[in-house]
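The values are calculated or read from the model by the stated rules, or taken from the named source; none is laboratory data. Keep in mind that what you see is a predicted model, and the values were worked out from it rather than measured. Ideal geometry is used to build each Cβ from the backbone, glycine not excepted, and the neighbour counts take in all protein chains shown.
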Amino acid sequence: MKTLILAFIALGAQAQPLETVPHVDLKKYMGKWFEIASFPQRFQKGCNCTTAEYTLTEKGYVIVENRCNKDSINGKLSYIKGKAFVVENSGNAKLKVQFFWPFKGKYWIIDLADDYSYAVVGHPNKNYLWILSRTSTMTDSLYQQITSRMAEKGFDVAKLQRTKQAL
C-alpha cells in the first residue's frame, strides 16, 4: 500500500501544471548562458561546453545561437541558429523557439535568479530541462537548491546530466 501511495504522489507531482516565473526582463536575459546540466536529448548527443546566446532584435523576436563541442571539450564546434518568439501575456517567461520551419518548441523560464545569474528552462511536459548560468560553473549548494525546486515542480531530476565545460 505504501508503494501505491508513493506512486500516486509521484504521479500527482508529475501531473501538476508547470508554472513559469512571473516576469522576465528580456534585455537582462539577453547574452551568453552556459549549460550547467540538462536532460539528455538526441539533438544534443555528445555535446560539451554547451552555450546559448540570445540577442533581442528590433522586430521584437530573439535570435538564438546554440554552440557546443562534439564528443570532448576540445571537439569540433557544432552550431545552430534559430529564433524565439515571446508568447503574449506570459510576462516574457514563455517563448516559442524555432530552429527548423515550421516547427516551434516551448521554452518556458521556470526559475530565474533575481540578478539573472542563473535560469532554468523547461517544457510543460517535463521531458526537457536545462539549468543555465552566466558562468561556466555553479556551486554545488546552488545546484542542489535548484534541483530541489525542480523536483518539487514534478521534474525527474535523477535524469539530469551535468554538462562538461572548459574551465
Open item on the list: Just to be sure before I move on: is residue 60 surrounded by 10 or more Cβ atoms within 10 Å (Cβ to Cβ), at pLDDT below 95 and either under 30 Å from residue 77 (Cα atoms) or of a type in the set (Gly, Ala, Ser) (or both) in the structure I sent?
Closed with: no
- [ ] Identify all residues within the stretch 94-127 that are among the aromatic types (Phe, Trp, Tyr) and at pLDDT 95 or above; write none if there are none.
- [x] 107, 108, 116, 118
Task: Flag if residue 20 is crowded, with 18+ Cβ neighbours inside 10 Å, in contact with a Cys (Cβ under 8 Å, 6 or more places away or on another chain) and modelled with pLDDT of 95 or more - done: no
Open item on the list: Criterion first (β-branched (Val, Ile, Thr) and out of contact with any Cys (no Cβ under 9 Å at 6 or more places or on another chain)) does residue 80 satisfy it?
Closed with: yes
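Sort out which residues of the stretch 104-122 are free of Cβ contacts under 8 Å to residues at least 40 places away in the same chain and surrounded by fewer than 19 Cβ atoms within 10 Å (Cβ to Cβ), and write them in order of number.
104, 105, 106, 113, 114, 115, 117
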- [ ] With the condition kept exactly as written, say whether any residue in the stretch 68-78 is over 25 Å from residue 162 (Cα atoms) and of a type in the set (D, E, K, R).
- [x] no
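Taking the stretch 26-57 as the search range and keeping residues that are out of contact with any helix residue (DSSP H, G or I) (no Cβ under 9 Å at 6 or more places or on another chain) and small (Gly, Ala, Ser), which one is surrounded by the most Cβ atoms within 10 Å (Cβ to Cβ)?
52
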TODO: Scan the stretch 71-93 for residues that are surrounded by 15 or more Cβ atoms within 10 Å (Cβ to Cβ) and at pLDDT 95 or above and jot them down.
DONE: 82, 83, 84, 85, 86, 87, 90, 92, 93
- [ ] Quick one: which residue in 54, 61, 29 is farther than 19 Å from residue 99 by Cα, among the hydroxyl-bearing types (Ser, Thr, Tyr) and touching a strand residue (DSSP E or B) at 6+ places or on another chain (Cβ under 8 Å)?
- [x] 29
TODO: Could you please let me know if residue 84 is among the small types (Gly, Ala, Ser) and in contact (Cβ under 8 Å) with a residue 40 or more places away in the chain?
DONE: no
Open item on the list: Need the failing condition index for residue 96 against (1) under 27 Å from residue 73 (Cα atoms); (2) surrounded by 14 or more Cβ atoms within 10 Å (Cβ to Cβ), just the number.
Closed with: (1)
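Take the residues in the stretch 123-140 that are without any contact (Cβ under 8 Å) to a residue 12 or more places away in the chain and among the polar types (S, T, N, Q), then tell me which one is nearest to residue 27 (Cα to Cα).
Among those that are without any contact (Cβ under 8 Å) to a residue 12 or more places away in the chain and among the polar types (S, T, N, Q), it is 139.
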- [ ] Out of 94, 106, 126, report the one residue that is touching a His at 6+ places or on another chain (Cβ under 9 Å) and within 24 Å of residue 148 (Cα to Cα).
- [x] 106
